[in-house]
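Participant: Just dropping this structure here.
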Amino acid sequence: MPKKKSTNKNQQVKGIRLLQDPLLSKGTSYSDEERDALGLRGLLPPKILSQEIQLTKLDENYGKLEDDLDKYVYLSSLQDRNETLFYRFIMENLVETMPIIYTPTVGRACQSYRRIFRRSRGLYISIKDKGKIAEVLQNWPRENVSVIVVTDGERILGLGDLGSDGMGIPIGKLALYTACAGIPPGECLPIMLDVGTEDKVRRNDPLYLGTPEPRTRGKEYDEFVDEFMEAVSKTFPDALIQFEDFGNRNASRFLQKYQNDYRMFNDDIQGTAAVTLAGLLTACSIQDKKLSEQKILFFGAGTAGLGIGNLIVKHLVNDGLDENDAKKHCWFFDSKGLIVSGREGLNAEKSIYAHQQSHIDTFMEAINVLKPTAIVGVAGQPDVFDKPVLNAMADINDQPIVFALSNPTSQSECTAEEAFLHTNGSVLFASGSPFPDVEWNGKTHKISQGNNAYIFPGIGLGICVSGASKVTDDMFLKAAESLSDAVTEKDISQGRLYPPLKNIRNVSVAIASAVGKCALEQRLSSNGIENFSKEKISSILYKPIYKSML
Ligand code: NAD
């Protein structure tokens with residue numbers, strides 16, 4: 001990205017070191033002149049292969065693999081050898097490779113990370129490094145870091161505490177920053193904060209690569225994360241820091257603690273909220289309604305659900321509603337029933353959605369009493385949007401909005417097919433996991449996946465081009481609106497609430513442009529508005545093409 005000085009502390013890499021540097025390596029593609037000038041003569045077979053020929057070989061080998069985890073391992077080892085070729089391949093095959101390098105396959109990869117581990121990538125900062133985190137960060141070989149994704153591995157996807165095996169998540173998310181938003185791979189830094197794991201099986205496995213101890217918690221853990229935030233923002237002052245897959249008890253706590261002082265955000269909360277809001281806005285435009293005409297009932301009131309509710313409220317307030325009235329558009333049902341005023345034991349985050357209503361302890365009854373226009377599943381409980389629930393939604397609404405967001409597929413509240421079947425095809429449906437197209441009344445409906453990858457790469461790009469000093473909720477609102485605006489009439493006629501994934505780079509550029517302008521309006525950027533046109537942003541994106549090294 002613009003702004004910075006050198007990209008590598010090791011200038012003028014030559015010979016075998018050049019071939020072994022995945023950021024610089026072109027494999028067998030070096031020209032004769034480069035081979036002479038860079039000390040490569042003899043270190044490579046004589047034939048020079050173009051990147052296109054390399055891609056053909058890659059296609060053939062990848063195409064022979066049947067198991068998704070084998071594909072993940074294959075692509076990881078390519079990334080470790082030749083990042084330019086890796087990114088060209090995944091960018092040209094994004095729809096096929098995104099579920100491999102990210103969810104759902106990355107979840108399988110993390111579960112067996114210690115077994116498939118070949119070569120270290122990113123930084124591991126262990127609780128034993130407390131007091132010297134700044135020194136560890138200095139070991140990173142590059143000065144220019146634009147985006148950091150950090151996790152402590154406590155809540156990896158829906159899979160729980162994987163400890164240091166969770167490193168696959170920051171690596172996968174950063175690959176999407178490059179593939180979907182053109183952030184140069186050399187400016188991406190995955191970080192694992194290794195504070196132990198509660199998983200005894202992992203701790204006792206001789207192959208486990210993290211600290212084989214129970215998690216450090218409480219004051220010592222908080223001091224460790226505080227030290228990390230201070231040190232990382234001093235060492236890499238331009239970097240955006242994305243928090244990812246921290247445990248529930250820490251995710252929103254850290255967001256509140258750091259968001260005003262650091263350039264950081266939490267994708268599980270804010271990215272999820274923006275992608276879901278975008279889907280709701282598209283549904284509204286299909287129905288020719290405003291968001292203020294919707295009553296949204298959430299099944300689940302955790303990190304994702306409350307984050308979505310809070311962003312919906314912000315959108316409604318920006319649209320002119322009083323905050324208290326805006327909150328009344330969101331209702332939450334959790335493991336203890338409907339959240340209502342007077343319910344005991346509600347925490348502060350849930351209390352703001354405790355509206356006047358008598359206690360209701362089944363979701364079906366909540367639907368019959370509240371008559372929602374939309375239901376959003378975010379509890380990780382499969383099959384709760386069953387036939388009676390979907391029938392009721394279709395009886396209440398001409399076009400019921402049903403978002404079954406729980407991941408992975410096995411936890412989804414209903415399948416796309418069930419949603420169509422039990423609403424007689426009237427549903428506006430989105431899911432957390434990918435579902436195949438649904439044939440209904442002789443028409444093929446493309447199923448919309450509310451994938452956070454529509455949002456976070458564009459947010460990151462917007463922060464990079466604006467240099468904004470923090471990430472605000474308004475930026476996520478703008479991102480949601482831009483994403484919804486990117487849905488065309490043709491997309492809608494195919495049943496989509498989100499644009500096709502293959503258009504994601506254009507979506508990221510549009511989001512980045514909106515985020516940059518928002519940063520300017522909020523006086524968080526001193527860059528001129530001309531830097532935020534889509535054309536200007538598109539012109540600086542990373543392209544996975546070999547460059548001459550002479
Ligand atoms: P969480 O653990 O923070 O929250 C889960 C909530 O579900 C809690 O409020 C809990 O009380 C409620 N719940 C659990 N069992 C219940 C039951 N039997 N009946 C009613 N409520 C119940 O989890 P989270 O981070 O909010 O994630 C929830 C789900 O959303 C996960 O499956 C996750 O994969 C999914 N998610 C999807 C996306 C996306 O599609 N873009 C993004 C983030 C999260």
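All of the numbers you see were taken from the coordinates with simple rules; none came from a lab. Bear in mind that the values here come from a model prediction, so they are computed numbers and not experimental data. Methodologically, a virtual Cβ is constructed for each residue, glycine included, from the backbone with ideal geometry; neighbour enumeration extends over all protein chains shown.
Participant: Using amide H atoms built in the peptide plane, which far-off residues or other-chain residues are under 5 Å from M264 H to H?
Facilitator: I241, V471
Participant: Let me ask another. With a ≥ b ≥ c taken as the square roots of the eigenvalues of the C-alpha gyration tensor of the stretch 154-223, please select rounded if a/c is under 1.5 and otherwise prolate if a/b is larger than b/c or oblate if it is not?
Facilitator: Prolate shape, in that a/c is at least 1.5 and a/b is the bigger ratio.
Participant: On C-alpha positions alone, give me the angle between the axis of helix 83-92 and the longest principal axis of the chain, in degrees, nearest 10.
Facilitator: Tilt of helix 83-92: around 40 degrees.
Participant: While we're on this one: Using the Cβ atoms and a cut-off under 11 Å, what net charge is assigned to the surroundings of Y258, where Lys and Arg are +1 and Asp and Glu are -1?
Facilitator: +1
Participant: So, in Å, what gap is there between the alpha-carbon centers of the stretch 428-465 and the stretch 173-243?
Facilitator: With the stretch 428-465 and the stretch 173-243 each reduced to a Cα centre, they are spaced 28 Å.
Participant: Can I ask one more? Take D226 and K534, extend 7 Å from each Cα along the Cα→Cβ direction, and tell me the distance between the two endpoints in nm.
Facilitator: Each label point lies 7 Å from its Cα, and together they span 4.6 nm.
Participant: Now a separate question. What are the ³J(HN,Hα) couplings of the stretch 364-370, residue after residue, when phi is run through the Karplus curve with 6.51, -1.76, 1.60 and θ = phi - 60°? Round to Hz, x for glycine and proline.
Facilitator: Computed from phi, the couplings for the stretch 364-370 are 4, 5, 4, 5, 5, 7, 7 Hz.
Participant: Count the DSSP beta bridges whose two residues both fall in the chain, then state the antiparallel fraction as a percent rounded to the nearest 5.
Facilitator: Rounded to the nearest five, the antiparallel share is 10 percent.
Participant: Using θ = phi - 60° and the Karplus relation 6.51 cos²θ - 1.76 cosθ + 1.60, list the HN-Hα couplings for the stretch 256-266 in order, rounded to whole Hz, with x at every Gly or Pro.
Facilitator: 5, 5, 9, 5, 8, 10, 10, 7, 9, 8, 10
Participant: By the gyration tensor of its Cα atoms, with a ≥ b ≥ c the square roots of the eigenvalues, what is the shape of the stretch 89-239: rounded for a/c under 1.5, prolate for a/b over b/c, or oblate?
Facilitator: oblate
Participant: In degrees, nearest 10, range 0 to 90: what is the angle between the Cα axis of helix 68-81 and the longest Cα principal axis of the chain?
Facilitator: Roughly 40 degrees, rounded to the nearest 10.
Participant: Okay, next question. Less than 11 Å Cβ to Cβ from D245, Lys/Arg counted +1 and Asp/Glu -1: what total charge do the surrounding residues give?
Facilitator: -4
Participant: I'd like the distance separating the alpha-carbon centroids of the stretch 267-286 and the stretch 524-550, in whole Å.
Facilitator: 27
Participant: Alpha carbons only, please: Rg and Dmax for the stretch 45-86, in angstrom.
Facilitator: 11.2, 34
Participant: In the stretch 273-291, which residues have a backbone nitrogen under 17 Å from the label point lying 7 Å from N318's Cα in the Cα-to-Cβ direction?
Facilitator: 273-285, 290-291
Participant: Could you give the length gained on full extension between T409 and Q357, defined as 0.36 nm per residue of separation minus the Cα-Cα distance, in nm?
Facilitator: 15.4 nm
Participant: Pull up the cross-link candidates among the lysines for K490, meaning alpha carbon to alpha carbon under 29 Å and not fewer than 8 places away within one chain.
Facilitator: Answer for K490, where 29 Å is the Cα cut-off: K289, K290, K295, K443, K446, K478, K502, K517, K534, K536, K543, listed by chain and number.
Participant: Right, next: What number in nm² do you get for the chain if you take the convex hull of its Cα atoms and divide its surface by four?
Facilitator: Seen from a random direction, the Cα hull of the chain projects 26.1 nm² on average.
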